[in-house]
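Have a look at the structure below before the remarks.
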Amino acid sequence: MATILLDIPAAAHGTAPHDAGNLWHAWHADPLITVPLTASCLLFIRGVLHLRRDLGRLRPGFGIRQIVCFSLGIMVLVIALLSPLEALSTTLLSAHMVQHILLIAAAPPLLVLGKPEVAWLWVLPAHWRRGLARHGPTRSVLSALSPCARPIPAALIHMATLWIWHSPLLFDAAVASDKLHWLEHVLFFGTAVLFWRAVVKAHSGREAAAAALIACFITLLQSGLLSALLSFAREALYHAPDTLEWGLTALEDQQLAGAIMSLPMCAIYLAAGLIMALRLLTPPGAERSRGLPVTSANLLKSTR
């Protein structure tokens with residue numbers, strides 16, 4: 001809060017540690033991150049409490065599993081954006097890649113599975129929820145954006161964002177500029193949420209699961225290509241003058257970043273694709289016996 005009250009510019013990168021000895025002292029509390037995360041958590045908790053109070057229980061499809069997923073997703077965001085990893089990412093490309101993996105392939109699927117919109121909407125009065133469901137401009141905007149929320153378009157948007165921001169010129173500019181760094185993080189995280197929401201939502205239907213399987217394959221392929229480009233390049237593609245302080249040349253740091261990208265990130269996309277493939281092998285009608293999960297669409301029509 002001192003950053004806001006004293007009008008001190010917030011440092012998007014934190015304070016870069018000079019060595020491993022003071023690495024764990026590089027935690028920071030950027031209000032541009034802590035305020036939204038805290039507000040999201042408080043609204044989520046309040047929504048869960050309202051659900052318990054009004055219904056005497058949590059709704060079908062929104063229970064302990066969703067609460068755990070949301071909590072883990074928030075923890076991952078804290079590690080990615082407020083921990084020493086944020087500061088270290090200004091020096092090491094490998095640390096920057098770990099941060100990107102957390103923002104792209106770890107936090108977004110956990111938050112999507114957590115269904116925070118259910119808890120957030122339940123905080124609103126019942127007549128507000130009904131009003132949102134019937135609000136013409138809102139419905140028009142959602143209808144116009146709905147094609148982008150399908151698995152394959154969402155994957156293409158996410159893929160284009162990754163490749164554009166990993167171009168050497170733009171990547172180096174983002175490391176040097178707080179504003180570009182913020183924009184990079186917002187676009188990475190936003191397009192990742194769009195992609196994972198499309199994939200998770202597709203699990204409820206066989207036809208959508210087929211599209212999600214293709215989307216996961218596309219994302220897996222492009223991640224593999226990008227990681228191979230970083231791993232097998234003969235020279236460093238990005239400007240990294242301080243890597244020697246950590247015992248790595250710029251090229252070795254880049255190769256490590258490519259390996260980090262290829263293993264956990266590709267494994268996550270592969271696992272998602274296998275889940276979609278398993279969904280396609282599920283006999284038709286078997287999913288009906290599980291009941292309909294709660295969604296934000298039907299929650300808007302709920303009354304207290």
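The values are calculated or read from the model by the stated rules, or taken from the named source; none is laboratory data. Since the model is a prediction, treat every value here as computed from it, not as a measurement. Virtual Cβ from ideal backbone geometry, glycine too; neighbours counted across all protein chains shown. The area values use the complete protein model at the heavy-atom level, side chains included, leaving out ligands, DNA and RNA. Shrake-Rupley method; radii C 1.70, N 1.55, O 1.52, S 1.80 Å.
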Report task. For MET75, tell me the accessible area in Å² from a 1.4 Å probe, rounded to the nearest 10. Result -> 110
Query raised in the report: Counting only heavy atoms of protein chains, what accessible area per residue, in Å², does the range 139-238 have with a probe of 1.4 Å?
Result: 52
Query raised in the report: So, counting K/R as plus one and D/E as minus one, what does the shell of residues with Cβ under 9 Å around ALA149 add up to?
Result: +3
Requested in this report: Take the solvent-accessible surface of the protein heavy atoms, probe 1.4 Å, and return the percent of it on the range 150-274 that carbon and sulfur atoms account for.
Outcome: 73
